[in-house]
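*Asks:* Dropping the structure in here first, questions after.
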């Protein structure tokens with residue numbers, strides 16, 4: 001698939017969207033978890049053993065006190081400090097060094113998030129989870145994430161038409177709301193564009209994936225993958 | 001394809017070469033390159049390069065990866081600064097950045113100093 005964006009986006013993004021025709025998110029010859037992880041795969045839709053309460057999650061996300069210092073997202077969990085301090089820290093790339101999976105929010109106000117967090121955390125310990133918002137017309141230029149943990153999980157809560165998550169040489173991730181994807185952001189250049197008139201919100205999380213239950217989920221998801 | 005560049009303060013360029021051929025040093029050049037070809041642009045003289053925009057794409061910190069006469073890499077030279085780039089620019093630049101941010105490259109930067117790749 002290729003997409004022609006308007007001139008308001010940087011040429012590098014426009015060319016990537018227009019000329020990168022490769023659509024190959026995962027190789028076809030992986031025999032198990034290790035071979036997939038070592039295959040330099042791009043992304044994989046996950047078959048999670050619980051239902052993602054997408055409507056409730058979106059409502060809760062919209063009810064949060066989003067602060068928009070540098071624009072795009074806030075930390076929700078992860079740092080061992082109150083939400084207010086995390087929000088005050090803004091993006092937090094440089095300050096977020098004390099990782100913990102402790103749940104620090106008033107869970108009664110965000111029960112769907114609490115459930116989502118617990119459901120994942122039971123399978124593999126979450127090291128950091130964030131909500132990310134991109135405004136209409138917003139974008140991130142092609143980049144590779146920190147190599148601290150190369151694979152991230154994304155769940156879109158809102159994904160209005162005109163939103164794209166493009167991974168170089170791998171394709172566009174079909175991030176429809178409620179679908180969970182395991183994404184190799186530490187290996188492959190990727191960029192996002194919100195070419196719609198609405199905000200888009202996703203959950204983004206890192207975890208220690210190397211658990212038996214997570215391996216089973218990944219292997220099952222690979223066998224049942226839709227994005228072949 | 002359009003090539004735009006700006007010199008740093010105090011530069012004294014003597015000549016610009018595209019694939020070894022002299023071109024007018026106007027700051028904006030038009031050139032045609034074969035698809036999937038490696039090419040060079042060389043700024044001769046005592047120069048530093050502040051920006052290099054290839055085919056409308058700002059190559060950002062790539063300007064600090066030029067080849068110079070003193071066998072190191074950077075954006076400034078006493079005799080010349082030379083850059084290699086490949087067409088199509090978008091693909092070459094994304095791959096260059098991807099490699100520059102790879103784990104091995106990061107470890108190199110952190111623990112062994114600068115390793116030009």
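*Asks:* Normalising by the residue count of the range B:2-111, find the relative contact order in percent from Cα pairs under 8 Å and 6+ residues apart. Intermediate values should be presented prior to the final figure.
*Replies:* Working: 211 pairs, mean separation 27.9, N = 110.
Relative contact order here is 25 percent.
*Asks:* Given labels modelled 7 Å from the Cα in the Cβ direction, how far is it in nm from residue A:212 to residue A:38?
*Replies:* So the label points at residue A:212 and residue A:38 sit 2.2 nm apart.
*Asks:* Further, regarding this structure: If each residue's Cβ is checked for other Cβ atoms within 10 Å, how do A:225, A:200 rank with the fewest at the top? Before the final figure, lay out each step's value.
*Replies:* Numbers: A:225 16, A:200 25.
By the 10 Å Cβ count, ascending: A:225, A:200.
*Asks:* Still on this structure, I have one more. With the crude spin-label approximation of a point 7 Å out along Cα→Cβ, what separation in nm comes out for residue B:51 versus residue A:24?
*Replies:* My value for the distance between the label points is 3.6 nm.
*Asks:* Averaged across A:11-19, how many Cβ atoms of other chains sit within 10 Å of each residue's Cβ atom?
*Replies:* On the way: counts 8, 11, 2, 3, 9, 4, 1, 1, 3.
Mean shielding by partner chains, rounded to a whole number: 5.
*Asks:* Can you give me the distance in nm between label points at residue B:29 and residue B:72, each placed 7 Å from the Cα along the Cα-to-Cβ direction?
*Replies:* About 2.6 nm, to one decimal.
*Asks:* While we're on this one: Enter the mean number of other protein chain beta carbons within 10 Å of the beta carbon of each residue in B:54-65, as an integer. Display every interim value, and only then the final one.
*Replies:* Working: counts 1, 3, 6, 6, 4, 1, 2, 0, 0, 0, 0, 0.
That works out to 2 on average.
*Asks:* What ranking, highest mean first, results for peptides A:52-63, A:169-180, B:22-33 when packing means the other Cβ atoms within 10 Å averaged over each residue? Could the numbers behind the result be given before it?
*Replies:* On the way: A:52-63: 16.6, A:169-180: 18.8, B:22-33: 12.1.
Going by the mean number of other Cβ atoms within 10 Å, highest first, we get A:169-180, A:52-63, B:22-33.
*Asks:* Sticking with this one: What average number of partner chain Cβ atoms lie no more than 10 Å from the Cβ of the residues making up B:85-96?
*Replies:* On the way: counts 0, 0, 0, 3, 3, 12, 6, 0, 5, 14, 3, 1.
Mean shielding count: 4.
*Asks:* Let me have the 222 nm mean residue ellipticity of chain B computed from DSSP H runs of 4+ only, each contributing -39500 (n - 2.57), with the sum over all residues rounded to the nearest 500.
*Replies:* Numbers: 2 runs with 21 residues, N = 117.
Helices in chain B give a 222 nm mean residue ellipticity of -5500 deg cm²/dmol.
Readers should treat all values here as calculations from the given coordinates under stated rules, not as data from a laboratory. All values reported here derive from a predicted model rather than from experimental measurement. All Cβ positions, glycine included, derive from the backbone under ideal geometry; neighbour counts span all protein chains shown.
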